[in-house]
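I have placed the structure first, in the form of structure tokens, so that the comments after it can refer back to it.
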Amino acid sequence: MDPIRIAIVGIGKIARDQHVPAIRGNSAFSLAATVSPHDAGLDGVPHHASLDDLLAQGPAVDAIALCTPPQVRYDLATQALTKGVHLFLEKPPGATLAEVEALKVQADKVGVSLFAAWHSRFAAGVAPARAWLAERKIEKVSIVWREDVRVWHPGQAWIWQPGGLGVFDPGINALSIVTHILPRPFFLKDATLVLPENRAAPIAADLSFRDTAGAAIHMDLDWRQTGPQSWDIVVDTDAGALKLAHGGAVLTLPSGTEHGEDVEYAGLYARFATLIRGGRSDVDTSPLRLVADAFLRGTRQTTQAFHD
Ligand code: NAP
């Protein structure tokens, strides 16, 4: 079978760190081109300054991975879908829920695969955590996602702008895991969003959710954490506590701890190939919906200005 010729649009941090190695490590794909307005691209790979140029001048591609900030994702996605190209959307899949729904309708109409990728769902501990929790009664959930924005997002202006999500940019990864591992749906009860006086997106947030059986789910997000970083989820159940640490990579059950390998992006590209070969899409907006609800229902507090 011929490899799927794929272009990466948006050669930034995540494209270089994860997409390029994952594509090169998967024989179902060949990296056909890259697109970025201000980047020179990769040695030996055709590069274009815009998606317009790529689609007009080639090389031909079967699929595109959109690794841009979310605010420009919809226009690029719809342009690619018009050309009948399969699409991989980095998280979050869009800047609004309605635009993602519109892309899903368009992809179905054109007959191509649309994949809203949630990389944290492919962290090593997540699938076994989901299987273990399926049999348990959930009593309480605690999510603590505290990291240093200056370390992880230096100089990323888009992340602070409307649609950039602020601290929910990493926080949505936690929600992508929790929506996947808990056996029941859950919804927002209360939220406080803390915004620096010079920024349009939150630097911290405190959220309370409830599942449909009444279990409380608390989420603590903070971008001002220096020293040790926390990407932890603890689920208390009738059979003891489950802990997912390091963003889902390390799973601790009452029976012991399992350390998995970093397989997130390899897993995403294996899934994308399966979707394309099977003529299917995978577009789960539930993590983005919970974030949208926090912006819809949350109380705003202002804090001191943030400078990079
Ligand atoms: P980034 O380093 O700021 O890179 C974004 C890239 O998008 C830049 O290279 C920029 O190109 C390009 N771009 C912007 N507008 C474009 C357009 N109209 N056409 C083509 N390219 C365009 O951001 P990032 O950290 O890689 O994040 C990108 C996405 O991945 C975000 O949705 C983020 O949530 C997600 N993500 C990031 C991480 C992470 O650890 N950083 C992890 C997982 C997922 P120029 O520089 O050439 O202008």
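The values are calculated or read from the model by the stated rules, or taken from the named source; none is laboratory data. All figures in this text were calculated on a predicted structure; none of them were measured in a lab. FYI the Cβ positions are ideal-geometry reconstructions off the backbone, even for glycines, and counts take in every protein chain you see. Protein only, heavy atoms only, side chains kept; ligands, DNA and RNA dropped before computing areas. Shrake-Rupley method; radii C 1.70, N 1.55, O 1.52, S 1.80 Å.
Inside the stretch 54-140, counting only helices (runs of 4 or more DSSP H) that do not spill past its ends, which hold 2 or more residues that are within 16 Å of the ligand (Cβ to nearest atom)? First the steps, then the outcome.
Details: elements: 73-82, 97-110, 126-133.
Ranges flagged: 73-82, 97-110.
Which condition from (1) over 23 Å from GLU264 (Cα atoms); (2) open to solvent by 10 Å² or more (accessible area, probe 1.4 Å) is the one that ALA107 breaks?
Result: ALA107 passes all but (2).
Do we find that ASP190 is open to solvent by 10 Å² or more (accessible area, probe 1.4 Å) and in contact with a Leu (Cβ under 9 Å, 6 or more places away or on another chain) in this structure?
Values: open to solvent by 10 Å² or more (accessible area, probe 1.4 Å): yes; in contact with a Leu (Cβ under 9 Å, 6 or more places away or on another chain): yes.
Against the criterion (open to solvent by 10 Å² or more (accessible area, probe 1.4 Å) and in contact with a Leu (Cβ under 9 Å, 6 or more places away or on another chain)), ASP190 qualifies.
Within the set of pairs 6 or more residues apart or between chains, which connect a residue that is over 14 Å from HIS119 (Cβ atoms) and without any contact (Cβ under 8 Å) to a residue 12 or more places away in the chain inside the stretch 237-251 to a residue that is of a type in the set (S, T, N, Q) and outside any loop (DSSP other than H, G, I, E, B) with Cβ atoms less than 6 Å apart?
Correct list of pairs: LYS243/THR252.
What number of residues within the stretch 1-19 are of a type in the set (A, V, I, L, M), near the ligand (Cβ under 9 Å from one of its atoms) and assigned to a loop (DSSP other than H, G, I, E, B)?
Qualifying residue count for the region: 1.
Can we say PRO37 is open to solvent by 40 Å² or more (accessible area, probe 1.4 Å), part of a helix (DSSP H, G or I) and out of contact with any strand residue (DSSP E or B) (no Cβ under 9 Å at 6 or more places or on another chain)? Outline the logic, then answer.
Values: open to solvent by 40 Å² or more (accessible area, probe 1.4 Å): yes; part of a helix (DSSP H, G or I): no; out of contact with any strand residue (DSSP E or B) (no Cβ under 9 Å at 6 or more places or on another chain): yes.
So PRO37 fails the test.
Only one of (1) out of contact with any Leu (no Cβ under 9 Å at 6 or more places or on another chain); (2) of a type in the set (A, V, I, L, M); (3) within 27 Å of THR226 (Cα to Cα) is not met by ILE172, so which one is it?
(1)
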